[in-house]
Amino acid sequence: MTAAKENAARGALEYVEDGMVVGLGSGTTTAYFVEMLGAKMKDERISAVGVVTSFDTEILAKKAGIPVMPLEGKVDIAIDGADIVGKRYVLKGGGGALTREKIVDYAAEKFIVIADEGKADPGKSYPVVLEVVPFAYQYVMGEVRKLGLEPELRVGGKKLGPVVTDNSNFILDCRGEVKGEPEEFEKILNVIPGVVENGVFSKYWKIIIGNETGHYEI
């Protein structure tokens with residue numbers, strides 16, 4: 001599995017050029033990319049600046065020697081992982097950073113999804129993740145049930161109470177399927193009062209899948 005993640009990250013690295021502003025996503029596969037980008041900058045003496053999507057990624061970027069900046073202008077390319085690769089969409093949100101990820105990924109001129117081959121298994125299921133304002137989470141749960149989803153408030157594994165995002169919000173994991181056109185389903189979820197963002201990502205430039213021997217694009 002490690003080799004597959006590394007190969008996916010290596011495939012995305014080929015698209016990073018000197019002087020780019022690079023959106024840096026979150027998750028284990030993206031962590032390999034961040035490490036590789038830092039090494040490429042040193043070895044090839046190129047410059048790049050990262051726009052990070054989480055506190056964890058910021059720490060990794062600085063450790064790799066990648067300067068970081070806030071999102072305030074052009075992002076040339078964004079590289080981010082996925083929890084599952086579906087038909088015409090990917091699902092994200094396992095790490096709880098989906099809102100900042102979607103902002104940076106969708107702001108980029110080109111957004112590349114990287115994932116290991118196991119994430120592209122058509123038989124694998126994953127919840128639709130929602131970041132919600134704490135005040136409204138119970139209302140949101142009722143509304144998403146009307147859409148055929150079954151929501152569950154995500155609770156912390158190492159502390160009592162709900163998981164709290166970098167934006168001080170709650171996370172709902174909603175079992176069920178993406179309905180109809182993914183792009184339209186994104187919009188339907190986001191107009192529910194109290195929903196900050198959802199984990200359906202339908203706008204990307206390409207997807208790079210890594211396996212034990214290399215990578216391929218879909």
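Please treat every number below as a calculation from the coordinates, not as lab data. From a predicted model like this one, the values you see are computed outputs, not experimental measurements. When we count neighbours, we look across all protein chains shown, and the Cβ atoms used for this are built from the backbone with ideal geometry, even at glycine.
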* Inter-residue pairs, beta-carbon under 7 Å, first under 13 Å from Gly27 (Cα atoms) and in the range 92-112, second assigned to a helix (DSSP H, G or I), 6+ apart -> Lys92/Leu98; Lys92/Glu101
* To do: Identify all residues within the range 147-180 that are over 16 Å from Glu131 (Cα atoms) and touching a residue at least 12 places away in the same chain (Cβ under 8 Å); write none if there are none.
  => Leu147, Gly148, Gly176, Glu177, Val178, Lys179
* To do: Would you point out the residue of the range 64-89, among those that are assigned to a loop (DSSP other than H, G, I, E, B) and small (Gly, Ala, Ser), that is surrounded by the most Cβ atoms within 10 Å (Cβ to Cβ)?
  => Ala82
* Structure fact -> Result of the Cβ filter at 7 Å on the range 45-63, keeping first residues that are assigned to a helix (DSSP H, G or I) and partners that are surrounded by fewer than 22 Cβ atoms within 10 Å (Cβ to Cβ) and of a type outside the set (Gly, Ala, Ser), at least 6 apart or interchain, is Phe55/Asp166; Glu58/Val68; Ala61/Val68; Lys62/Val68
* **Residue in the range 122-142 that is polar (S, T, N, Q), within 21 Å of Phe55 (Cα to Cα), free of Cβ contacts under 8 Å to residues at least 60 places away in the same chain and surrounded by fewer than 21 Cβ atoms within 10 Å (Cβ to Cβ) present** => no
* Structure fact -> Matching residues in the range 105-121 (outside any strand (DSSP E or B) and surrounded by fewer than 22 Cβ atoms within 10 Å (Cβ to Cβ)) number 6
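Rundown of residues vs (1) outside any strand (DSSP E or B); (2) within 15 Å of Ala97 (Cβ to Cβ); (3) touching a residue at least 24 places away in the same chain (Cβ under 8 Å), yes/no style:
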| residue | (1), (2), (3) |
| --- | --- |
| Ala8 | yes, no, yes |
| Gly11 | yes, no, yes |
| Val21 | no, no, yes |
| Thr30 | yes, yes, yes |
| Leu37 | yes, no, yes |
* **Per-region count, the range 186-198, residues over 17 Å from Gly142 (Cα atoms) and crowded, with 19+ Cβ neighbours inside 10 Å** => 1
* Could you identify the single residue in Asp166, Asp173 that is surrounded by 15 or more Cβ atoms within 10 Å (Cβ to Cβ), assigned to a loop (DSSP other than H, G, I, E, B) and not small (Gly, Ala, Ser)? => Asp166
